[in-house]
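What follows is a set of notes on a single structure, which appears directly below.
The values are calculated or read from the model by the stated rules, or taken from the named source; none is laboratory data. All of these numbers come straight from a predicted model, not from anything done at the bench. In this analysis, Cβ positions are derived from the backbone assuming ideal geometry, glycine residues included, and neighbour counts consider all displayed protein chains. Ligands, DNA and RNA are stripped out before the accessible areas are found, and what is left, the full protein with its side chains, is counted by its heavy atoms. Shrake-Rupley method; radii C 1.70, N 1.55, O 1.52, S 1.80 Å.
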Amino acid sequence: MRTFAASAFCIIWLAAAQARTTVIDDSGTLPYNAAVAMRWQQAQPRGPAGSQMIGTLQLRVRLNVTPWLRRTGRIYLVLPAQQPGAMTAAWTTQGRLLPGQLVPGTRSLVYAGPITTPFIEDVVQLTITVDGRRMLQTYPVNFRFEMDED
């Protein structure tokens, strides 16, 4: 039994070690460093459920995937842990990337398959929801895209 457990661990470790994660150059994404106008989700916020603020922003995403051309990979949108903490980011797309949702400290798959062009482009409608009680000041929201090579 001990040999089986060690073998299973080695197989899982080798599978995880084969996927290499790299940050993707998204410097062509617009708007860059744009402010999101946040508003109360309810006209008259009351109680814990009424404390949510929401804001939307349209982004023209342009990912430079030239290093992975003619290979297969998985692209993730990453929202690192950051202030103000409890927030949700959700997005819709025009079809090249997958729609999704995530919270700080997680990542979400936005593309899986062959890389056939030097750039992957899409228009993303991003919606940020945050607990308004934590909004004591303006906070930057930092995202990044990562590639897991197959």
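Just to check your reading of the model, which residue among Pro45, Pro84 is at pLDDT below 75 and either in a strand (DSSP E or B) or farther than 21 Å from Gly105 by Cβ (or both)?
That would be Pro45, the only listed residue that is at pLDDT below 75 and either in a strand (DSSP E or B) or farther than 21 Å from Gly105 by Cβ (or both).
What single numbered condition from (1) in contact (Cβ under 8 Å) with a residue 24 or more places away in the chain; (2) of a type in the set (S, T, N, Q); (3) part of a strand (DSSP E or B) fails to hold for Gln101?
With (1) in contact (Cβ under 8 Å) with a residue 24 or more places away in the chain; (2) of a type in the set (S, T, N, Q); (3) part of a strand (DSSP E or B) applied to Gln101, the lone miss is (1).
Can you work out which of the residues in the stretch 64-87 that are closer than 15 Å to Glu149 by Cα and open to solvent by less than 20 Å² (accessible area, probe 1.4 Å) is farthest from the chain's Cα centre (by Cα)?
My answer is Trp68.
Just to be sure, is Val141 surrounded by 13 or more Cβ atoms within 10 Å (Cβ to Cβ), at pLDDT 95 or above and not aromatic (Phe, Trp, Tyr)?
No.
Could you please give the count of residues in the stretch 61-106 that are in contact with a helix residue (DSSP H, G or I) (Cβ under 7 Å, 6 or more places away or on another chain) and farther than 15 Å from Asn142 by Cβ?
1
Can you tell me which residues in the stretch 107-135 are part of a strand (DSSP E or B) and open to solvent by 50 Å² or more (accessible area, probe 1.4 Å)?
Arg107, Leu109, Ala112, Pro114, Phe119, Glu121, Gln125
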